[in-house]
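My structure is below; once you've seen it, I'll send some questions.
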Amino acid sequence: MTKKETKVSQVDELYVVGVGASAGGLEAITKLLSKFNGAPRDFCLVVAMHISPKYKSELTAILNKRSKWPVITVESNQALGKGQIYVTPQNSNVHVEGGYLMLDPLPPNYLTAPSIDYFFTSLAKSIKNRAVGIVLSGFGKDGSMGITEIKKNNGFTIAQNPDTAEHSDMPKAAIKTQMVDMIISPAQMFDEISHFISNSKAIATSPPKKKSIEAIFDLLEKRSGTDFSQYKPTTIMRRINHRMSALQMNSLSEYYELIKESPRELDYLFESVLIGVTEFYRDVEAFGNFKKQLEQMLIEKSTGDHIRIWCVGCATGEEPYSVAIALHEILGPKVNHHQIQIFASDIDERALNFGRKGIYKKESLNNLEEKLVSKYFETNDEIHYKITKQLKQCVLFTRHDISNDPPFFKLDAIVCRNLLIYFNNDLQKRTFQIFHYGLQPQGILFLGKSESVGVAEDLFDKLGTHKIFRKTNSSLNYQLRFSRMRRKTEKELMNSNKNEIQNMTIVDVAKETLFHKYDHPFVIIDDQAEIKQVSRSLRNYLEISEGAMNANLYKMANIELTTVLKALHAQVKKTKLPHSSHIVKFNLYDHPHYVKIKITPLLYTVDDQQYYLVAFIKITPDEQLLELQKKLETIDFVDLRIKELEDELATKSEYLEIFTEELESTNEELQAINEELLSANEELKSSNEELETGNEELQSANEELNSANNELKLMNEQMIAKEGELKNEKNKSQRNELIYRTIAENIPNGTVGILNEKFEVEYVAGKGLDELQAEDMIGKSMPEMNPSKAESDRIKKLCQKTLKGKPGQIEVRYKNRYYAIQTVPITLTFENKIKILYLVQETTEAKTNSMKLDSALKATKLVVFEYNFEKDFISPNKELCQLLDIGKIKPLSEADILKNIHPEDIQKGKELLKKASKTGRIDYEVRLQQSEGIRHIRVKGKIIFDAQKKPLNGIFTLLDITDDKKLLNQVKESEERFKTIAESAPVTIWITDKDNNCTYINKTWLQYTGSSLKECLNDGWLQFIHPEDRGKSMKKFLEASRLRTNFESEYRVRKEDGTYGWFLNRAQPIFDKDGEFDGFIGTNIDITDQKEFTNALEKKVNERTSDLKNSHDKLMKVNLNLEEYAHITSHDLQEPIRKIRTFNSMLKNEIENNAPAVKLADKIENSAARMASLVNDILEYSKV
């Protein structure tokens, strides 16, 4: 392959990350680069940051100090390379062409340099789906068009979270395009870029001929390192179908093509497959039972003991933190007496990062009691709650795949809830074996409510009603294998390596066959016996010992094999030849085992390091040999045992000889070293004499250095203190800058900005920009932005005046709105030029209100003025002077007002003013003496005090109420006349309001009932009505109130002595001048005498009726004669009466709005009714 072809190939594999930034971008770029390490990656990074053309850029030097990757300033025709950071220079645009960066001159009317849109667009066209575009902090919209182009070419796009950006305009503009894949902080971007590139590579290397579903599984495995083929297929397919439904896709092949075009989709699918549903104290009742089991377990723990708990599939960490809270609650103050280790594992790195931060929203804490939240969480905004440091120290988050990675061990409890439901039966069984292996005796297993140990019932016993289990003591031959990659069948392995095998020689194939098909397990070690490679199962010979992980063969080997291994390894290192041991007998699980160990040095060194192959050849004695051994044991056990001990002694002697030879060689080396040390000692003696003489000189010099050192120490302390002061000042400066910027950008109904000497806008911010954008105003002349020439000239004069050092303020009109402009001159230290700081606030509403207030004051003739207590001064006020009958408008004093007040009111006014000096408010009436006569004035006001409660100023209003006074006096006179008449009336007079409450009742009622006026007001008068009459009378009254009609009723009233008298109550409604109902006015007339007379009359009538009854029989005969005559007569009389009543009814319908006519019609109706009744009576009489 030629050099050019190699270069093209490298470019085709290179991913290019373009970063666009402006104001505030340096901090964001620094946070982004802080995650870059020194290892080269398959991408490079190009920074296009807006740089001022007037100053030399130091960006490359700054980033070099802050990044582990080399940082280079771009030159034209610059070749792109992996693991490099390129920074665009000032006064140039940059674009990508092939695998090179090219510099371009700036266009004549450029706005910013370099143009991020121009760079991103070229990046998208040249690099296509290997392009990554990042938009960081900055003003304006640069980069948003380029982001769109990168996304159209299937690249990856990221925008900085606006909340983390110093200036959020550029990120927000990019987000508005809806072409941004992720909105995150700069510190998170490196991981996302790495994910995107790894996903893209996984897709690029996926076998093209596989079915879509298999290809998707392969991609997921490459993305996560997890073999999802061991999960329940229905679960995975359900999640894939869910993603396809969300994307409105119908086939797996179509979805697979989307993944190939957009590698980011792999992350979305991975997140969808990992159903991270969790919460604090999930299933509170079950968790409470788990807590009780923990309490029982902790009783058996002693001070200093470890507490080890593993939370499998922890997601975002709520569950392990819940366990930590439970342990802290159980142990209380004794929590520090134990070493608590809670291992929180998951395969989702993002969820683990979330858990490590330990910050949760308030809604996720609903299951926790308030006291637990306040005890174990911290919050600043009542929205986000952070786990306390003490709790966080107990939890270790780690990425762990239960299907591939070795487990934690010596565990007191395992929490695995709602994870096993996604595994197939084989993986479930294997997982339960892992849990059984990792738990200590009597260890606890806590599962989800939908899970069980059905596939491994012999390993765990159930505790209680919830899914809590205890490890059984059953022995288990663990067949656990752990690998980061899925085991493949031989057929798959051969298919995957087909291309490699075709390029192998026969010798290579033989080597591969020997390595993979070797009959005995082996390890490869180095000179220090560190294990570098393992083949086949070595569980009979090696084991993991307690303590820190150690991969040394001597440390891991069975203790009975250690001596043999050490001696054999020493022999091989010495001779450089293979050596085998004799057959070694050792015990494992109380059973004898036999092995022969062979150590062979590898033919070739690797990086000048010699490695050795250590094979463990298992020896299995046949039955005949064992039978012979039994016979020998019975026949001649002593001789056999002696022979065995002699062989063992010979072996030990051989090993001892080897160790002796090593010791002798070591001793010779030590002897040589000792001789060298002796000669060096003599040299040191002579040197020591020289040093002693030099020491005296150094001692004198040392004293001088000590004094200088003390001075330097003092200076250093001063510098440290100064550095601290500078740091505090810097923090204050940054804080103040943030405050000023926040204030500027959030000024309500206004803007703040800076103008240069040409009155052009250099900076502007605030909520009052309306439809204008800040970038649209930059560089424009502020006076010329007002279309009115007169207003423009006024603004220009204000700016000219301000440049001369005089602050100013004017109110201008712009597009039918009013604005107040305030200006002050400022000098920026770094430019040494006078500029104008201005504040514009809309005053349209205030202006409108002011005009309305002026109109209202004129309409009401209200006089408003301010009085200065210290200076005894009132500003000239035309309306006040007119009211006081002062011809000339001039400043006034207290004396000017007092001399116009009526002499009788002066003392009262002074007393009220003295009282107001304490309360701060004044409200009274005075009389003013004018040439036209006395005027009544209402005075209201509020007094403003200083810190010592001394009056400073007062705001007062004067209102002429003379006419109101006259009208009030007339009303009072009218009321007095009415009360005089009412009180002297012989009948009861009462008045109610529109709500039917009694507001007045005269003394006639009070004297009769022996009550007071207070007792009878509102509905108090009802208590004097007889209980039998009260309800009926009140019903009539309320009906009349509803209909607004006259009212009449009779009822009994309780007298002062407790007896009851009859009263006739009549009332008519009252209406105000607007015709609105205003209550009733009525009278109560004592009709007791009439009632008694009526009763006596009825008694006499009854007596007379009895007499008449006796005469009835006598008249019957006469009546028969008259009946016929009366019948005829009544018929003739009734006919005209019926017509009268009919016509009268028709007449009432016509005149219903004429009250007098209606009354007459009613009288006609009554008369006709009486006439008809009389005729009927005559007819009846005729029947008597």
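The values are calculated or read from the model by the stated rules, or taken from the named source; none is laboratory data. It should be emphasised that the depicted structure is a prediction, and the values quoted were computed from it without experimental measurement. Cβ placement follows ideal geometry from the backbone for every residue including glycine, while neighbour counts extend to all protein chains displayed.
Going by what's in this entry, would Ile116 be described as buried (at least 18 other Cβ atoms within 10 Å of the Cβ) and at pLDDT below 90? I'd like the intermediate steps shown before the answer.
On the way: buried (at least 18 other Cβ atoms within 10 Å of the Cβ): yes; at pLDDT below 90: no.
When the stated conditions are applied, Ile116 does not pass them.
So how many residues does region 335-349 have that are assigned to a strand (DSSP E or B) and out of contact with any Leu (no Cβ under 9 Å at 6 or more places or on another chain)? Reasoning before the result, please.
Here is the first cut: in region 335-349, the ones assigned to a strand (DSSP E or B) are 339-346.
Now narrow it down to the ones that are out of contact with any Leu (no Cβ under 9 Å at 6 or more places or on another chain): 339.
Number of matching residues: 1.
Name the single residue, out of those in region 896-913 being part of a helix (DSSP H, G or I) and in contact (Cβ under 8 Å) with a residue 12 or more places away in the chain, that is farthest from Val926 (Cα to Cα). Outline the logic, then answer.
From region 896-913, those part of a helix (DSSP H, G or I) are 896-898, 903-913; that's our starting set.
Imposing the further condition that a residue be in contact (Cβ under 8 Å) with a residue 12 or more places away in the chain reduces the set to 896-897, 904-905, 908-909, 912.
Details: Asp896: 15, Ile897: 11, Glu904: 9, Asp905: 6, Lys908: 9, Gly909: 7, Leu912: 11 Å.
Among residues in region 896-913 that are part of a helix (DSSP H, G or I) and in contact (Cβ under 8 Å) with a residue 12 or more places away in the chain, the one farthest from Val926 (Cα to Cα) is Asp896.
Identify the single condition in (1) modelled with pLDDT under 80; (2) in the same structural domain as Ala765 (by TED's automatic domain parsing); (3) part of a helix (DSSP H, G or I) that Thr802 does not satisfy, given that it satisfies every other one.
Only one criterion is unmet by Thr802, namely (1).
Report yes if some residue within region 560-576 is among the polar types (S, T, N, Q) and touching a His at 6+ places or on another chain (Cβ under 8 Å); otherwise report no. Before the answer, list the steps.
Keep residues of region 560-576 that are among the polar types (S, T, N, Q), which gives 562-563, 571, 575.
This time we only want the ones that are touching a His at 6+ places or on another chain (Cβ under 8 Å), so: 571.
So far as region 560-576 goes, yes, one or more of its residues are among the polar types (S, T, N, Q) and touching a His at 6+ places or on another chain (Cβ under 8 Å).
Residues to consider are Glu784, Glu791, Glu737, Glu775; find the one that is over 17 Å from Glu842 (Cβ atoms), at pLDDT 75 or above and surrounded by 11 or more Cβ atoms within 10 Å (Cβ to Cβ). Write out each step before concluding.
On the way: Glu791 fails: over 17 Å from Glu842 (Cβ atoms); Glu737 fails: at pLDDT 75 or above; Glu775 fails: at pLDDT 75 or above.
Among Glu784, Glu791, Glu737, Glu775, only Glu784 is over 17 Å from Glu842 (Cβ atoms), at pLDDT 75 or above and surrounded by 11 or more Cβ atoms within 10 Å (Cβ to Cβ).
Take the residues of region 281-323 that are within 26 Å of the chain's Cα centre (by Cα) and aromatic (Phe, Trp, Tyr): which is nearest to Gly464 (Cα to Cα)?
Tyr281
Sticking with this structure for a sec: Within region 19-43, count every residue that is modelled with pLDDT of 90 or more and more than 31 Å from the chain's Cα centre (by Cα).
Going through region 19-43 one residue at a time, the tally reaches 0.
Taking the conditions exactly as written (of a type outside the set (Val, Ile, Thr) and touching a residue at least 60 places away in the same chain (Cβ under 8 Å)), does Leu884 satisfy them or not? Reasoning before the result, please.
Details: of a type outside the set (Val, Ile, Thr): yes; touching a residue at least 60 places away in the same chain (Cβ under 8 Å): no.
Against the criterion (of a type outside the set (Val, Ile, Thr) and touching a residue at least 60 places away in the same chain (Cβ under 8 Å)), Leu884 does not qualify.
Oh, and also: Is there a residue being closer than 21 Å to Ala159 by Cβ and more than 37 Å from the chain's Cα centre (by Cα) anywhere in region 95-112? Lay out the reasoning, then the answer.
Of region 95-112, the ones closer than 21 Å to Ala159 by Cβ are 96, 111-112.
Still in the running and more than 37 Å from the chain's Cα centre (by Cα): 96, 111.
The answer is yes; a qualifying residue exists.
Can Glu870 be described as part of a helix (DSSP H, G or I), acidic (Asp, Glu) and in the same structural domain as Asp960 (by TED's automatic domain parsing)?
Working: part of a helix (DSSP H, G or I): no; acidic (Asp, Glu): yes; in the same structural domain as Asp960 (by TED's automatic domain parsing): yes.
In short, no.
Give me a count of the residues in region 119-128 that are surrounded by fewer than 18 Cβ atoms within 10 Å (Cβ to Cβ) and either modelled with pLDDT of 90 or more or touching a Ser or Thr at 6+ places or on another chain (Cβ under 9 Å) (or both). Break it down stepwise before answering.
Pass one, region 119-128, residues surrounded by fewer than 18 Cβ atoms within 10 Å (Cβ to Cβ): 125, 128.
Adding the requirement that they be either modelled with pLDDT of 90 or more or touching a Ser or Thr at 6+ places or on another chain (Cβ under 9 Å) (or both) leaves 125.
Total meeting the criteria: 1.
Related question: Checking Glu976 against (1) surrounded by 14 or more Cβ atoms within 10 Å (Cβ to Cβ); (2) modelled with pLDDT under 80: exactly one of these is not met. Which one?
(1)
Of everything in region 56-88 that's more than 21 Å from Phe190 (Cα to Cα) and crowded, with 18+ Cβ neighbours inside 10 Å, which residue is farthest from the chain's Cα centre (by Cα)?
That would be Gln78.
Looking at region 336-349, which of the residues that are within 24 Å of Ser374 (Cα to Cα) and under 32 Å from the mean Cα position of the chain (by Cα) is surrounded by the fewest Cβ atoms within 10 Å (Cβ to Cβ)?
Gln341
For region 859-894, give me each residue that is under 17 Å from Ile937 (Cα atoms) and among the hydrophobic types (A, V, I, L, M, F, W, C).
Ala859, Leu862, Val863, Val864, Phe865, Leu880, Cys881, Leu883, Leu884, Ile886, listed by residue number.
So the check is Cβ under 8 Å with 6+ separation or different chains; which pairs have a first residue in region 1035-1061 that's in contact (Cβ under 8 Å) with a residue 24 or more places away in the chain and a second one that's polar (S, T, N, Q) and in a loop (DSSP other than H, G, I, E, B)?
So the pair list comes out as Phe1037/Asn996; Leu1038/Asn996; Ala1040/Asn1046; Ser1041/Asn996.
Please give the helices (runs of 4 or more DSSP H) falling wholly within region 88-187 in which 3 or more residues are over 20 Å from Asn77 (Cα atoms) and in the same structural domain as Val46 (by TED's automatic domain parsing). Working first, answer last.
Details: elements: 116-127, 144-152, 169-176.
Correct list: 144-152, 169-176.
A follow-up question, please. Within the set of pairs 6+ apart or on separate chains, which have a first residue in region 742-767 that is among the acidic types (Asp, Glu), a second that is modelled with pLDDT of 85 or more, and C-beta atoms under 6 Å apart?
Sorted first by the residue in region 742-767, then by its partner, the pairs are Glu760/Ser781; Glu762/Ile754; Glu762/Asn756.
Here's another thing I want to ask about it. Could you tell me whether Leu352 is touching a strand residue (DSSP E or B) at 6+ places or on another chain (Cβ under 9 Å) and either hydrophobic (A, V, I, L, M, F, W, C) or assigned to a loop (DSSP other than H, G, I, E, B) (or both)?
On the way: touching a strand residue (DSSP E or B) at 6+ places or on another chain (Cβ under 9 Å): yes; either hydrophobic (A, V, I, L, M, F, W, C) or assigned to a loop (DSSP other than H, G, I, E, B) (or both): yes.
For Leu352, the condition - touching a strand residue (DSSP E or B) at 6+ places or on another chain (Cβ under 9 Å) and either hydrophobic (A, V, I, L, M, F, W, C) or assigned to a loop (DSSP other than H, G, I, E, B) (or both) - is met.
Return the residues of region 393-417 that are surrounded by fewer than 19 Cβ atoms within 10 Å (Cβ to Cβ) and closer than 19 Å to Gly358 by Cβ; say none if nothing qualifies.
Gln393, Leu396, Thr398, Arg399
Would it be correct to say that Thr651 is surrounded by 13 or more Cβ atoms within 10 Å (Cβ to Cβ), modelled with pLDDT under 85, assigned to a helix (DSSP H, G or I) and β-branched (Val, Ile, Thr)? Reasoning before the result, please.
Working: surrounded by 13 or more Cβ atoms within 10 Å (Cβ to Cβ): yes; modelled with pLDDT under 85: yes; assigned to a helix (DSSP H, G or I): yes; β-branched (Val, Ile, Thr): yes.
So Thr651 fits the description; yes.
If you take the residues in region 577-612 that are of a type in the set (A, V, I, L, M) and in contact with a Pro (Cβ under 8 Å, 6 or more places away or on another chain), which one is surrounded by the fewest Cβ atoms within 10 Å (Cβ to Cβ)?
As a first pass, look at region 577-612 and keep what is of a type in the set (A, V, I, L, M): 577, 583-584, 588, 595, 597, 599, 602-603, 606.
Okay, now just the ones that are also in contact with a Pro (Cβ under 8 Å, 6 or more places away or on another chain), so 577, 599.
Details: Leu577: 10, Ile599: 22.
It comes out as Leu577.
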